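Worksheet: one structure, shown below.
The values are calculated or read from the model by the stated rules, or taken from the named source; none is laboratory data. Note that the structure is predicted; figures quoted are calculated from it, not measured. Note: ideal-geometry Cβ built from the backbone for every residue, glycine included; neighbour counts use all protein chains shown. Note: areas computed on protein heavy atoms with side chains; ligands, DNA, RNA excluded. Shrake-Rupley method; radii C 1.70, N 1.55, O 1.52, S 1.80 Å.
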Amino acid sequence: MYLTYFNGQWNEGNVPLYGAMDHSVWLGSSVFDGARAMGGRLPDLRPHLERVVRSADKLGLRCPLTVDEMEALVREGVARFPADAELYIRPLVFAAEGFLIPEPEKTGFALTLFDAPLPTFTGFSACLSTLRRPEPSMAPTDAKASALYANSTRAMREAKARGFDQAIMLDAAGNVAEFASSNLFLVTQDGKVVTPVDNGTFLAGITRARVIALLGEAGVQVEERTVKPEELDTAREIFSTGNYGKVTPCTRYEGRTLEAGPVARQARELYLAFVENC
């Protein structure tokens, strides 16, 4: 089920939003964010809504709703679903007018909620992509911009063609950035938990930050540092964090089979316990 708030009302189905001359369609000036409802609980909702406002600003857009107004709409929309529903919450901010430069005062907004069960802990396969993340001077890497996802989908198409589910992408300097659609963690041979440092080439996610904090509170320190691609070849565990899957293990990297290991399992359990207390 899709439920979208647009132009002052709720609509079911895939609601048309754009015209052929809209700046967002023609020149890619749109941003979005993703939050979740899990049994009526809304973990870290406000940080996601705050980020979509910041992302819009980075692209020269002006989100027409405040964070409080968006939060009220989210809660209203979630109440229209069954109480135990697992939902993806997607605020979308897009330019409606402008020739080359979007007109901020003509920014549109739509909020879509749809059924999206949390993936199981069975894991996924990944390979190293030949494509790289751009530098901050090359693209709006500090925004959750729709235009950036062409890079992600190219990498994922490449991975699918090789028989893998997901791709791992390097930054322009050749260091590990993230998975094509989520952040990356690994456990080294000596048991250290590591995630690539936020160097501006990828969005250091809200779920990533939450998992780092939860592990820290449980006595598991996470190192944020530069990660070389060869470290993936010897890692005991590799796992992802992101809004869609929260914490998901990578169980095959290139030719290696990996365990859905204890750190990833602990991180997921800690996150789900956090959700229960929201």
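Evaluation of E178 against the conditions (1) open to solvent by 30 Å² or more (accessible area, probe 1.4 Å); (2) among the acidic types (D, E); (3) closer than 17 Å to K228 by Cα shows that the sole unmet condition is (1). Could you tell me whether T234 is touching a residue at least 12 places away in the same chain (Cβ under 8 Å), within 28 Å of A172 (Cα to Cα) and among the β-branched types (V, I, T)? Spelling it out, T234 is indeed touching a residue at least 12 places away in the same chain (Cβ under 8 Å), within 28 Å of A172 (Cα to Cα) and among the β-branched types (V, I, T). In the set (1) touching a residue at least 12 places away in the same chain (Cβ under 8 Å); (2) part of a loop (DSSP other than H, G, I, E, B), the condition left unmet by T207 is number (2). Does any residue of the range 219-229 turn out to be buried (at least 21 other Cβ atoms within 10 Å of the Cβ) and either touching a Cys at 6+ places or on another chain (Cβ under 9 Å) or of a type in the set (S, T, N, Q) (or both)? No, there is no match, as no residue in the range 219-229 is buried (at least 21 other Cβ atoms within 10 Å of the Cβ) and either touching a Cys at 6+ places or on another chain (Cβ under 9 Å) or of a type in the set (S, T, N, Q) (or both). For the range 151-173, the candidate set comprises residues that are under 17 Å from the mean Cα position of the chain (by Cα) and assigned to a helix (DSSP H, G or I); within that set, the residue that is surrounded by the fewest Cβ atoms within 10 Å (Cβ to Cβ) is T153. Among the criteria (1) in contact (Cβ under 8 Å) with a residue 12 or more places away in the chain; (2) surrounded by fewer than 19 Cβ atoms within 10 Å (Cβ to Cβ), the one A35 does not fulfil is (2).
Would you say V197 is within 24 Å of R51 (Cα to Cα) and open to solvent by 20 Å² or more (accessible area, probe 1.4 Å)? Spelling it out, V197 is indeed within 24 Å of R51 (Cα to Cα) and open to solvent by 20 Å² or more (accessible area, probe 1.4 Å).
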